[in-house]
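Asker: My structure is below; once you've seen it, I'll send some questions.
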Amino acid sequence: MRIVRSIDGLPPPSGRRGLVPTMGAFHEGHVSLMRAARAECDEVVVSLFVNPTQFRANEDLDRYPRDEERDAGLAEEAGVDVLFVPSAEEMYPDGFDTWVDVGASGGEARARPGHFRGVATVCVKLFNIVGPELAYFGQKDAQQVDVLRRVIRDLNLGLHLRVLPTLRDEDGLALSSRNAYLSPAEREQALALPRALESARSADDPVTAARAALNGLEPEYVELLRVGDATLLTAAARVGATRLIDNVVVEGELA
Ligand code: AMP
């Protein structure tokens with residue numbers, strides 16, 4: 001596996017290239033995306049970039065977990081060809097001021113104004129830099145998938161997204177780099193989120209049922225979200241200082 005730190009250092013595609021965009025601190029969820037890419041692409045590029053433009057000023061950019069050496073080992077084991085680790089200076093040089101402004105509303109878009117503008121901008125840059133035929137994302141960030149599908153369609157980017165299921169710990173907590181922030185007691189509390197979503201998914205009114213099942217956890221939102229042909233029950237909640245999101249499919253299939 002090659003580690004490439006500059007845009008110029010990336011070789012042009014020679015065959016079907018798959019891209020897995022990440023912010024590092026890899027867990028099995030990230031690895032499942034890399035394996036899926038490995039299974040259907042000639043070349044697998046994983047980008048590792050903690051994208052500053054998708055964090056708001058009061059969020060966790062500065063303390064976001066970083067461990068490049070461990071990440072490189074996991075990526076290599078998963079059969080990744082290139083780990084692309086650009087610097088913030090290269091991604092956002094002096095004078096950078098062109099943005100992909102997306103029309104997202106509700107859920108994360110309302111809770112984190114500007115978040116999807118940062119996500120869409122960095123992903124379009126990564127798509128242009130890496131040149132993948134396929135890009136791999138997790139259902140865990142379902143609204144991100146919805147936004148990126150529209151960006152790809154609206155800007156005629158001509159690549160395909162693959163969406164893979166959310167991997168969870170045995171007790172049901174969705175794997176997330178942010179779980180590293182949780183104390184053991186907070187982790188116990190956090191379980192209310194997946195449990196509430198799971199118990200509410202087939203209720204007549206899943207939003208009300210999930211709210212009632214949250215066991216004292218105060219949600220930022222609980223909403224139904226349409227992504228492609230699927231309806232998802234999606235929620236965000238803060239456990240201590242840690243913000244967690246999760247979702248389950250209520251109807252249809254997230255292809
Ligand atoms: P991140 O590094 O958090 O930006 O995530 C990189 C990619 O991994 C995104 O497409 C996420 O949706 C995906 N991902 C994050 N958590 C999980 C999970 N538990 N299962 C599957 N994919 C995930």
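Asker: Quick check on this structure: which one of GLY118, GLY106 is at positive phi and of a type outside the set (Ser, Thr, Tyr)?
Answerer: Working: GLY118 fails: at positive phi.
The match here is GLY106.
Asker: Output the qualifying pairs, or none if there are none: Cβ atoms under 6 angstrom, residues six or more apart or on different chains, first residue in the stretch 112-125 and aromatic (Phe, Trp, Tyr), second residue open to solvent by less than 50 Å² (accessible area, probe 1.4 Å).
Answerer: Short answer, once both residue conditions are applied: PHE116/VAL102; PHE116/ALA104; PHE116/ALA109; PHE116/VAL147.
Asker: What is the one condition in (1) within 22 Å of LEU164 (Cβ to Cβ); (2) within 13 Å of the ligand (Cβ to nearest atom); (3) of a type in the set (Asp, Glu) that ASP60 does not satisfy?
Answerer: Unmet for ASP60, out of (1) within 22 Å of LEU164 (Cβ to Cβ); (2) within 13 Å of the ligand (Cβ to nearest atom); (3) of a type in the set (Asp, Glu): (1).
Asker: Considering each of VAL46, VAL100, VAL31, VAL80 in turn, give the residue that is of a type in the set (Val, Ile, Thr), within 16 Å of the ligand (Cβ to nearest atom) and under 16 Å from VAL124 (Cα atoms). Explain how you work it out, then say what you get.
Answerer: Values: VAL100 fails: within 16 Å of the ligand (Cβ to nearest atom); VAL31 fails: under 16 Å from VAL124 (Cα atoms); VAL80 fails: under 16 Å from VAL124 (Cα atoms).
Just one listed residue meets the conditions, VAL46.
Asker: Among ALA57, ALA109, ALA104, ALA88, which is modelled with pLDDT under 95, open to solvent by 10 Å² or more (accessible area, probe 1.4 Å) and touching a helix residue (DSSP H, G or I) at 6+ places or on another chain (Cβ under 9 Å)?
Answerer: ALA104
Asker: For the stretch 227-255, what are the residues that are touching a Leu at 6+ places or on another chain (Cβ under 8 Å), part of a strand (DSSP E or B) and not aliphatic (A, V, I, L, M)?
Answerer: Those that are touching a Leu at 6+ places or on another chain (Cβ under 8 Å), part of a strand (DSSP E or B) and not aliphatic (A, V, I, L, M): THR231, THR234, ARG238, THR242, ASP246, ASN247.
Asker: Which one of these is in contact (Cβ under 8 Å) with a residue 60 or more places away in the chain, exposed (fewer than 14 other Cβ atoms within 10 Å of the Cβ) and part of a loop (DSSP other than H, G, I, E, B): SER14, SER6?
Answerer: Step by step, each of SER14, SER6 is checked, and only SER6 is in contact (Cβ under 8 Å) with a residue 60 or more places away in the chain, exposed (fewer than 14 other Cβ atoms within 10 Å of the Cβ) and part of a loop (DSSP other than H, G, I, E, B).
Asker: Just the residues that are surrounded by 17 or more Cβ atoms within 10 Å (Cβ to Cβ) and in contact (Cβ under 8 Å) with a residue 24 or more places away in the chain, please, taken from the stretch 208-218.
Answerer: Result: ALA210, LEU217.
Asker: Whether any residue in the stretch 25-43 is in contact (Cβ under 8 Å) with a residue 24 or more places away in the chain, β-branched (Val, Ile, Thr), over 24 Å from TYR181 (Cα atoms) and surrounded by 13 or more Cβ atoms within 10 Å (Cβ to Cβ) is what I want to check.
Answerer: No, there is no match, as no residue in the stretch 25-43 is in contact (Cβ under 8 Å) with a residue 24 or more places away in the chain, β-branched (Val, Ile, Thr), over 24 Å from TYR181 (Cα atoms) and surrounded by 13 or more Cβ atoms within 10 Å (Cβ to Cβ).
Asker: While we're looking at this one, here's another question. Starting from residues that are touching a residue at least 60 places away in the same chain (Cβ under 8 Å) and farther than 16 Å from VAL163 by Cα, keep the ones in the stretch 128-148 and report whichever is surrounded by the fewest Cβ atoms within 10 Å (Cβ to Cβ).
Answerer: Restricting to residues being touching a residue at least 60 places away in the same chain (Cβ under 8 Å) and farther than 16 Å from VAL163 by Cα, the top hit is GLY131.
Asker: Among the residues of the stretch 73-122, write down those that are over 23 Å from ILE7 (Cβ atoms) and basic (Lys, Arg).
Answerer: Within the stretch 73-122, ARG110, ARG112 qualify.
Asker: Restricting attention to the stretch 149-204, report how many residues are surrounded by 15 or more Cβ atoms within 10 Å (Cβ to Cβ), hydroxyl-bearing (Ser, Thr, Tyr) and over 25 Å from GLY228 (Cα atoms).
Answerer: So the answer is 2.
Asker: Every residue in the stretch 43-97 that is part of a helix (DSSP H, G or I) and not acidic (Asp, Glu), please. Write out each step before concluding.
Answerer: Going through the stretch 43-97, the residues part of a helix (DSSP H, G or I) turn out to be 52-54, 68-77, 88-91.
PRO52, THR53, GLN54, ARG70, ALA72, GLY73, LEU74, ALA75, ALA88, MET91, listed by residue number.
The values are calculated or read from the model by the stated rules, or taken from the named source; none is laboratory data. Please read these numbers as outputs of a predicted model, since none were measured by experiment. Ideal geometry is used to build each Cβ from the backbone, glycine not excepted, and the neighbour counts take in all protein chains shown. Note: areas computed on protein heavy atoms with side chains; ligands, DNA, RNA excluded. Shrake-Rupley method; radii C 1.70, N 1.55, O 1.52, S 1.80 Å.
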